[in-house]
1. Going 7 Å from the Cα of Ala71 toward and past its Cβ, which residues in the range 85-103 have a backbone nitrogen under 16 Å from where you end up?
2. Relative to the compact-globule scaling 2.2 N^0.38 Å, provide the ratio for the alpha-carbon radius of gyration of the range 79-137.
3. For Tyr86 paired with Ser53, estimate the spin-label separation in nm (one decimal), with each label point 7 Å from Cα along the Cα-to-Cβ line.
4. Please report, in debye to the nearest 20, how large the charge dipole of the range 28-91 is about its Cα centre when each Lys and Arg carries +1 at its beta carbon and each Asp and Glu carries -1 there.
5. Tell me whether the range 22-137 comes out rounded, prolate or oblate; compute the Cα gyration tensor, take square roots of the eigenvalues as a ≥ b ≥ c, and use a/c under 1.5 as the rounded threshold.
Amino acid sequence: AVLKTVTSEKVSMEELGGSETHSKISGGASLTCHDDIDALITTRRLFDFLPLSNKDKPPRRYTNDPRDRKAGVLDYVVPEKANISYRMQGVITPVVDDCDFFEIHPNFAKNIVVGFGRLDGRSVGIVGNQPAYIAGC
């Protein structure tokens, strides 16, 4: 009611401060989930990349994914012409162990890709420009 009085606009509770607002506009929420079960699964997946405390090392997960495997898609995922865009996930995913890239903030700051993966079983944070969105600028 206050917003309508001050701005003469009708704003829903979702627009004012719901998950869409905080995951796409303010960046206050890293992820959104469909329901409670999805939230628990997503949280568990995120925690799987993180150490138990600031005194611990990140967890190492053993994998059958050979550390010297070839990622043939890298031969053509980045176009030869600089004016042609591509998705950075297409570069990251084939490089990380088991092609498992966990993206954080997928709906906010779409010109940047941020997430977690593993290299030789070790958790790594990944940050990169997203050329598919306004040329990564």
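FYI, it's all coordinate maths here, none of it is from the lab. Everything numeric here is computed off the predicted structure, so don't read it as measured data. Every residue, glycine among them, receives a Cβ derived from its backbone with ideal geometry; neighbour counts consider all protein chains shown.
1. Zone members listed by number: 86-103.
2. Rounded to two decimals, the normalised Rg is 1.15.
3. The two pseudo-label positions are separated by 4.4 nm.
4. Computed charge dipole of the range 28-91: roughly 340 debye.
5. Numbers: a/c = 2.13, a/b = 1.13, b/c = 1.88.
Oblate is the answer for the range 22-137, as a/c is 1.5 or above yet b/c matches or exceeds a/b.
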